[in-house]
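The values are calculated or read from the model by the stated rules, or taken from the named source; none is laboratory data. Predicted model only: the values in this text are computed from it and were never measured. Quick reminder, even Gly has a Cβ in these numbers, built from the backbone with ideal geometry, and neighbours come from all protein chains shown. Areas reflect the complete protein model, heavy atoms only, side chains present, ligands, DNA and RNA absent. Shrake-Rupley method; radii C 1.70, N 1.55, O 1.52, S 1.80 Å.
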Amino acid sequence: MKIGVNVLNFGPGTDPGALRNWAQTVEGLGFDLLMVSDHIAITPDVAERYPAPFYEPFTTLSWLAGLTTRIRLGTTVLIAPYRHPLLTARMAANLNELSGGRLVLGVGVGWARQEYAALGIPFERRGRLTDDHLRDMRAAWADTADYGKRKIPVWVGGNSDAGLRRAVQLGDAWHPLRCTMPWLREAAARLKESADEQHLPVPALAPRIALKPTAAPVTGPQRLAGEGTIDQIMDDLDQLRLLGAETVVLDHYNGDPRETCHPQAGRQALATVAAHFHPPLTATEQS
């Protein structure tokens with residue numbers, strides 16, 4: 001199972017230097033994937049959660065591709081209706097080729113009504129538009145002579161039944177966000193049921209979970225996957241592996257944009273997970 005990291009590309013503490021440090025830290029710790037978010041118009045509803053500066057994902061990932069060598073780069077998630085599908089297909093294909101096939105394109109429908117209005121896109125049609133955009137992008141990529149020969153994995157986000165069905169129909173993986181372990185177990189079963197009903201392959205499971213370490217164990221039905229002691233976090237990762245998750249993305253953001261000014265806690269949490277997930281080689285193993 002691969003482990004990815006959600007890197008914050010917004011907020012008062014984010015600038016090119018911070019993004020560079022995050023990329024080098026995540027790659028240096030041995031993680032497999034670095035992902036960033038997507039917003040274009042930082043309307044009041046967006047700014048309340050994700051204030052400016054907000055670095056656009058395609059340009060940011062293109063820059064980070066030149067600063068890294070191994071780690072995959074992705075979006076969690078790109079709001080599909082915000083861009084013309086042929087533009088998205090072109091930018092994604094170019095970034096994938098230029099990075100040596102390292103792109104993972106996570107897509108979703110979005111939630112910000114004011115941002116939709118600012119972009120002149122009907123919020124009520126966002127689900128249908130996302131479906132149409134995904135089909136158009138795949139049709140464009142089918143022309144490998146024009147768009148490149150490397151396959152771009154598409155992760156479909158969304159915790160709703162509609163998001164799950166969309167992942168089965170149009171995605172390579174389902175990418176639910178910040179859930180409890182019981183919910184994820186039940187959802188993994190629903191994912192297989194939906195695929196069986198539609199006579200389609202079961203997409204991979206690639207959740208984004210919290211990374212919220214605590215000194216004492218966290219109990220109760222509302223405990224998020226990835227929340228608790230390091231033993232609880234590692235057990236969650238092991239349970240997700242047993243559920244068939246091919247990749248799990250860790251999200252250390254707790255909702256306060258001021259966290260971007262104090263990245264040390266997030267980096268320490270990632271270092272602790274990395275040490276447990278990839279323990280140092282012994283002298284015998286090194287030889």
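In Å², and per residue, what accessible area does region 199-243 have when probed at 1.4 Å with the other protein chains present?
Numbers: 2280 Å² over 45 residues.
I get 51 Å² per residue for this part.
Rounded to the nearest 20 debye, what is the charge dipole size of the chain about its Cα centre when +1 sits on each Lys and Arg Cβ and -1 on each Asp and Glu Cβ? Display every interim value, and only then the final one.
Values: 29 positive and 31 negative charges, 71 e Å.
For this selection, approximately 340 debye.
How far is the Cα center of region 5-57 from the Cα center of region 84-152, in Å?
The two parts, judged by their Cα centres, are 20 Å apart.
At q = 0.11 Å⁻¹, what log₁₀ I(q)/I(0) does a Debye calculation on the Cα points of the chain give, no solvent, two decimals?
So the normalised log intensities are -0.64.
Run the helix sum for the chain: -39,500 (n - 2.57) per DSSP H stretch of 4+ residues, divided by residue count, reported at 222 nm to the nearest 500 deg cm²/dmol.
That calculation yields -13500 deg cm²/dmol at 222 nm.
Hey, which aspartates and glutamates would be in cross-link range of residue 151, C-alpha to C-alpha under 14 Å, not counting anything within fewer than 8 residues on its own chain?
The qualifying aspartates and glutamates are 97, 143, 172.
Hey, can you rank 218-225, 264-271, 90-97 by average C-beta count inside 10 Å, highest first?
Values: 218-225: 13.6, 264-271: 15.1, 90-97: 19.9.
Going from most to least packed, we get 90-97, 264-271, 218-225.
Computed over the Cα atoms, what is the radius of gyration of region 160-287 divided by 2.2 N^0.38 Å, N being its residue count?
Relative to the rule-of-thumb radius for its length, region 160-287 sits at 1.20.
Report the charge-dipole magnitude of region 184-273 in Debye, nearest 20, computed about the Cα centre from +1 at each Lys and Arg Cβ and -1 at each Asp and Glu Cβ.
With only Lys, Arg, Asp and Glu charged at Cβ, the dipole is about 220 debye.
Tell me whether region 1-105 comes out rounded, prolate or oblate; compute the Cα gyration tensor, take square roots of the eigenvalues as a ≥ b ≥ c, and use a/c under 1.5 as the rounded threshold.
Because a/c hits 1.5 or more and a/b fails to exceed b/c, region 1-105 counts as oblate.
Got a sec to turn the phi values of region 70-82 into Karplus ³J(HN,Hα) couplings, 6.51 cos²θ - 1.76 cosθ + 1.60 with θ = phi - 60°, whole Hz, x for Gly and Pro?
10, 5, 6, 10, x, 10, 9, 10, 6, 7, 4, x, 6
Above 18 Å lies some portion of the pair distances; for region 160-222, what is it as a whole percent of all C-alpha pairs? If you can, show how the numbers build up before the last one.
Values: 752 of 1953 pairs.
Here the long-distance tail beyond 18 Å is 39 percent of all Cα pairs in region 160-222.
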